[in-house]
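A.B. asks: Following this message is one structure expressed as structure tokens.
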Amino acid sequence: MTTNLAVLGGNANPALTVEICETLKIKQTEVLVGRFSEGEIRVHIRENIRGKDVFIVQPTCTPVNENIMELLIMIDAARRASADRITAVLPYYGYARQDRKDQPRVPITAKLVANLIVAAGVNRVLTMDLHAAQIQGFFDIPVDHLYAINVLCEYIKNKQIKDLVVVSPDVGGIKMARAYAKRLNAGLAIVDKRRFSPEKTEVSNILGEVKDKNVVLVDDIIATAGSLVEAAEALKKIGVKNVYAAASHGVLSGPAIERITNCASLQEVIITNSIPYKESKACSKIKTLSVAPLLAEAIARTHNAESISCLFDEIRN
């Protein structure tokens, strides 16, 4: 399996790339991703990848623009090095929140970034928990869309939380919350909130029976944690015992760490390592789970031309 397989990564999440290669039991392809003196990105693949099946691991997280450019230049370098096939492995897809024109004179950057990645020369995309599922259709190449639900649910199950209710942070997240509730054999509730800006919301109601229950708020992204903290406090006010949160992508921008740390209503926040979480800013409430085994399995199955539907069938049911 491994003789024709090459896995390399940029500076976005090097630890995840290393863990994926360790899981696959292969040596990571050596690549230099540095900077010229004026700041331009310099890429040099230091091993022969001619005719190989190349997987480039690069979540487009902060700094988003730097990481996207690194990805595009690595794709171009691999294409010019005569790689047989190039797959962009994007554990986190940046710019996904601008996926439609919801007001006049705004761009659809999720589509723009997809166009850039395809134009660079990638053959397929492997990603996880897109902010909107329709982004798969923005690519004119095959897209494999994985979900972290199995990783997160396994951890929550092992905690053996009694009287558990899964709470969706908004109406748009009901499908995902229902999948979690089914896996955890738990109840389902919804936070009814009003959005005033991309980062400011207000909880107006809780739909569902949550009083005297333990709840887990599930979402795809935790950015500034404003909505999360507000929902946790609103749930506590109506008599919830303990509030947990689970999200695939811990963006944790701006005051997020401080908000989570200072929120007495939040018991624990569970995220994955799709985005690197700096332990130097560690918060005791935040638990990071690895998705390297999931991504490694998807890479192996893609390389061997095997079905990967078993890795994401759970969310469809």
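A.B. asks: Of the beta bridges DSSP finds with both residues in the chain, what % are antiparallel, to the nearest 5? Write out the running numbers ahead of the final one.
C.D. replies: Values: 13 of 54 bridges.
Roughly 25 percent of the DSSP beta bridges within the chain come out antiparallel.
A.B. asks: With only Lys, Arg, Asp and Glu charged, each at its Cβ (+1 for the first two, -1 for the last two), find how big the charge dipole of the stretch 53-142 is about the Cα centre; round to the nearest 20 debye.
C.D. replies: So the dipole magnitude of the stretch 53-142 works out to roughly 280 debye.
A.B. asks: Quick one: what Rg and Dmax do you get for the stretch 149-289 from the alpha carbons, in Å?
C.D. replies: 13.7, 39
A.B. asks: Along the stretch 294-304, what does the Karplus equation 6.51 cos²θ - 1.76 cosθ + 1.60 (θ = phi - 60°) give for ³J(HN,Hα), rounded to whole Hz, x for Gly and Pro?
C.D. replies: 5, 5, 5, 5, 5, 4, 4, 5, 5, 4, 8
A.B. asks: Now for a different question. List the relative contact order of the stretch 149-289 as a percent without decimals, with contacts defined as Cα pairs under 8 Å and 6+ residues apart.
C.D. replies: Result for the stretch 149-289 is 20 percent.
A.B. asks: Output wanted: per-residue J couplings in Hz (rounded whole) for the stretch 261-275, from phi through Karplus 6.51 cos²θ - 1.76 cosθ + 1.60, θ = phi - 60°, x for Gly and Pro.
C.D. replies: The phi angles translate into 4, 8, 8, 5, 6, 8, 7, 7, 10, 10, 10, 10, 8, 4, 10 Hz.
A.B. asks: Under a 10 Å cutoff between Cα atoms, tell me which one of PRO276, PRO14, PRO91 has the largest fluctuation in the Gaussian network model of the chain.
C.D. replies: So, out of PRO276, PRO14, PRO91, the one fluctuating most is PRO14.
A.B. asks: Here is a follow-up. Using Cα atoms only, what is the angle between the long axis of helix 174-184 and the major principal axis of the chain, expressed in degrees (0 to 90) to the nearest 10?
C.D. replies: That helix lies at roughly 80 degrees to the long axis.
A.B. asks: Around ALA296, what is the net charge, scoring Lys/Arg as +1 and Asp/Glu as -1 over all other residues with Cβ under 15 Å from its Cβ?
C.D. replies: -3
A.B. asks: Rounded to the nearest 5, what % of DSSP beta bridges with both residues in the stretch 149-289 are antiparallel? Don't skip to the end; give the middle numbers.
C.D. replies: Working: 8 of 31 bridges.
Bridges in the stretch 149-289 that DSSP calls antiparallel: roughly 25 percent.
A.B. asks: Can you list which of the trypsin sites (Lys or Arg not before Pro) found in the stretch 215-280 are DSSP loop residues with at most 12 other C-beta atoms within 10 Å?
C.D. replies: Here the trypsin sites (Lys or Arg not before Pro) that fit, given the DSSP loop and packing criteria, are LYS278.
A.B. asks: Which value in deg cm²/dmol, rounded to the nearest 500, describes the helix-derived mean residue ellipticity at 222 nm for the chain, given -39,500 (n - 2.57) per DSSP H run of n ≥ 4 and division by the residue count? If you can, show how the numbers build up before the last one.
C.D. replies: On the way: 8 runs with 93 residues, N = 317.
It lands at -9000 deg cm²/dmol.
A.B. asks: Another one. Between the stretch 230-276 and the stretch 80-112, what is the C-alpha centre distance in whole Å?
C.D. replies: What the calculation gives is 27 Å, centre to centre.
A.B. asks: Of the listed peptides 78-89, 221-232, what is their order by residue-averaged count of other C-beta atoms within 10 Å, with the highest listed first?
C.D. replies: Final packing ranking: 221-232, 78-89.
A.B. asks: Quick check: residue separation of LYS162 and ARG105 times 0.36 nm, minus the Cα distance between them. What number comes out in nm?
C.D. replies: Between LYS162 and ARG105, full extension yields an extra 15.7 nm.
A.B. asks: How much length would be gained if the chain were fully extended between ARG80 and GLU66, taking 0.36 nm per residue of separation minus their Cα-Cα distance, in nm to one decimal?
C.D. replies: Working: separation 14, 0.36 × 14 = 5.04 nm, distance 2.12 nm.
Separation in residues times 0.36 nm, less the Cα-Cα distance, equals 2.9 nm.
A.B. asks: OK, next. With label points built 7 Å along Cα→Cβ from the Cα atoms of LYS278 and LYS237, find their separation and express it in nm.
C.D. replies: Placing both labels 7 Å beyond Cα along the Cβ direction yields 3.4 nm.
A.B. asks: Find out how many positive minus negative residues lie around GLN58, taking Lys and Arg as positive, Asp and Glu as negative, among other residues whose Cβ is under 14 Å from that of GLN58. Don't skip to the answer; put the middle values down first.
C.D. replies: Details: positive: none; negative: GLU66, GLU70, ASP76.
So the environment of GLN58 carries a net charge of -3.
A.B. asks: Still on this structure, please answer the following. Step through the table entries LYS182/LYS285; LYS27/LYS157; LYS25/LYS175; LYS111/LYS211; LYS182/LYS236; LYS157/LYS237, compare each Cα-Cα distance with 32 Å, and write down the pairs that go over it.
C.D. replies: Exceeds cut-off: LYS27/LYS157; LYS25/LYS175; LYS111/LYS211.
All of the numbers you see were taken from the coordinates with simple rules; none came from a lab. Note that this is a predicted model, so its numbers are computed, not measured. No Cβ is skipped: glycine too gets one built from the backbone with ideal geometry, and neighbour counts run over all protein chains shown.
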